[in-house]
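What follows is calculated from the coordinates using simple rules that are stated; it is not laboratory data. The shown structure was predicted, so the numbers you read here are calculated from the model rather than taken from an experiment. All Cβ positions, even for glycine, are placed from backbone atoms using ideal geometry, and neighbour counts span all protein chains on display.
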């Protein structure tokens, strides 16, 4: 029997994460550039072209650029979740349409992480999950607190493998 949030009986969410906030740095910087370009275009608009329709057109281009280069990446970041439950690793993503992928903890054979200097400073990194299934390896990038997540996932995998399966005798 499943619960409303898609969990099986006896399963609970241990950890729910979004990709690290550093993934939205570039869209925020692009938004600043778009606003600066908008202001510069309106301030330096020649007097001969200073008509309401031209100003409206410049504003419309800026709004479209802001949506495409800022709002969409922000929504993609916000709607991407990594859930670690007592039975599986769940990946969910998508703004208008949702995609999901589940990895049973019992099939995970190895969990490792890596992070560079900047990632270490920001506290994020790449998590690599080896699975005995057909897909083999799952690489998750921009995982916040990757060392803690790796340790938690490893512990849950060990707990799941030690859990008795089947009916009790």
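Below are the figures for this structure:
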item	result
Packing-based ranking, highest mean first, of 82-89, 51-58 given that Cβ atoms within 10 Å are counted	82-89, 51-58
Segment residue 161-residue 35, extension gain: residue separation times 0.36 nm, minus the distance between their alpha carbons	40.0 nm
Fully extended contour minus Cα-Cα distance, from residue 95 to residue 126, at 0.36 nm per residue	8.9 nm
Protection-proxy order for peptides 12-20, 112-120, 91-99, each taking the mean of Cβ atoms within 10 Å per residue, highest first	12-20, 112-120, 91-99
Reference-scaled alpha-carbon Rg (2.2 N^0.38 Å with N residues) for the chain	1.47
The stretch 35-136: relative contact order in percent, alpha carbon pairs under 8 Å with at least 6 residues between	14
